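Take a look at the structure set out below.
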Amino acid sequence: MAFTRNDVYFSDVEGKLFLARQLFDEHSTELSMQPILSSQLAKLKLVSQVLHEQMASMSLSVFCKACAKKAGGGCCSAYMANETDAFLLLINMLLGVRVMPQRNDSFECCYLGDHGCILFVKPIFCLNYNCHSILQGNDPVALKNLEKISSAVLLQQIAIENILDAHFFSKKNR
Ligand code: SF4
Ligand code: SF4
């Protein structure tokens with residue numbers, strides 16, 4: 001199927017999800033045979049696990065749950081769903097996530113499920129843990145670690161997005 005970078009990065013939430021599904025259905029087999037992509041995905045899993053452990057050690061889910069209960073609280077607003085792009089959703093699918101909208105309202109992000117975000121790989125803005133509650137309620141050393149690890153996750157995500165970009169746009173869609 002023909003598509004452009006504009007479709008990948010700048011279509012609406014539904015358009016990006018539709019494209020990601022098409023790419024997964026049509027290309028997941030060929031992508032799974034690329035050793036570089038497989039090894040980068042494995043690295044992403046590792047650094048994401050470290051981030052998960054760091055967040056758990058700081059009880060971030062407690063902060064976020066308390067925040068989300070307040071009026072207008074939480075940062076998983078409907079607006080944020082459009083911070084995803086089709087390659088990010090495709091990466092989630094390649095890692096085995098069933099990427100399905102969890103809600104259809106104009107308040108919360110459609111990827112926010114009953115137990116939190118369903119995405120394993122999250123948009124850049126969702127990896128910014130520098131809100132007031134978190135900055136005020138945590139030890140500076142833990143915050144520094146969190147920043148370091150979330151940067152590593154982000155760099156790894158960008159590396160994989162670049163591989164996908166080169167795969168799809170260096171051959172046919174340019
Ligand atoms: S990251 Fe901060 S603003 Fe967002 S839900 Fe958690 S505590 Fe609230
Ligand atoms: S963390 Fe997940 S649910 Fe929250 S805004 Fe980001 S993508 Fe949406």
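The values are calculated or read from the model by the stated rules, or taken from the named source; none is laboratory data. Just so it is clear, the model here is predicted, and its values are computed rather than measured. Please note: Cβ atoms are built from the backbone with ideal geometry, for glycine as well, and neighbour counts cover all protein chains shown. These accessible areas exclude ligands, DNA and RNA; they are computed on the full protein's heavy atoms, side chains included. Shrake-Rupley method; radii C 1.70, N 1.55, O 1.52, S 1.80 Å.
Going by the structure shown, is Cys110 within 17 Å of the chain's Cα centre (by Cα) and in contact (Cβ under 8 Å) with a residue 60 or more places away in the chain? Considered against the rule, which asks whether it is within 17 Å of the chain's Cα centre (by Cα) and in contact (Cβ under 8 Å) with a residue 60 or more places away in the chain, Cys110 comes out as yes.
Out of Lys65, Lys16, Lys45, one residue alone is within 15 Å of ligand 2 (Cβ to nearest atom) and either surrounded by fewer than 13 Cβ atoms within 10 Å (Cβ to Cβ) or under 30 Å from Pro140 (Cα atoms) (or both). It is Lys65. Cβ separations smaller than 9 Å between residues 6+ apart or across chains give the following pairs from segment 42-62 residues that are over 16 Å from Cys117 (Cα atoms) and in contact (Cβ under 8 Å) with a residue 60 or more places away in the chain to residues that are of a type in the set (Asp, Glu) and open to solvent by 70 Å² or more (accessible area, probe 1.4 Å): Met58/Asp139.
Taking the criterion of being in contact (Cβ under 8 Å) with a residue 40 or more places away in the chain and near ligand 2 (Cβ under 10 Å from one of its atoms), the residues of segment 73-88 that qualify are Cys75, Cys76, Met80, Ala81, Asn82, Glu83, Thr84, Leu88. For segment 102-141, a tally of residues being within 14 Å of ligand 1 (Cβ to nearest atom), within 29 Å of Ala42 (Cα to Cα), open to solvent by 60 Å² or more (accessible area, probe 1.4 Å) and touching a strand residue (DSSP E or B) at 6+ places or on another chain (Cβ under 8 Å) returns 0. Apart from one condition, Glu83 fits all of (1) charged (D, E, K, R); (2) within 14 Å of ligand 1 (Cβ to nearest atom); (3) more than 24 Å from Phe3 (Cα to Cα); the exception is (3).
Counting only residues that are within 17 Å of the chain's Cα centre (by Cα) and either open to solvent by 30 Å² or more (accessible area, probe 1.4 Å) or within 18 Å of Ser48 (Cβ to Cβ) (or both), segment 149-174 holds 16 of them.
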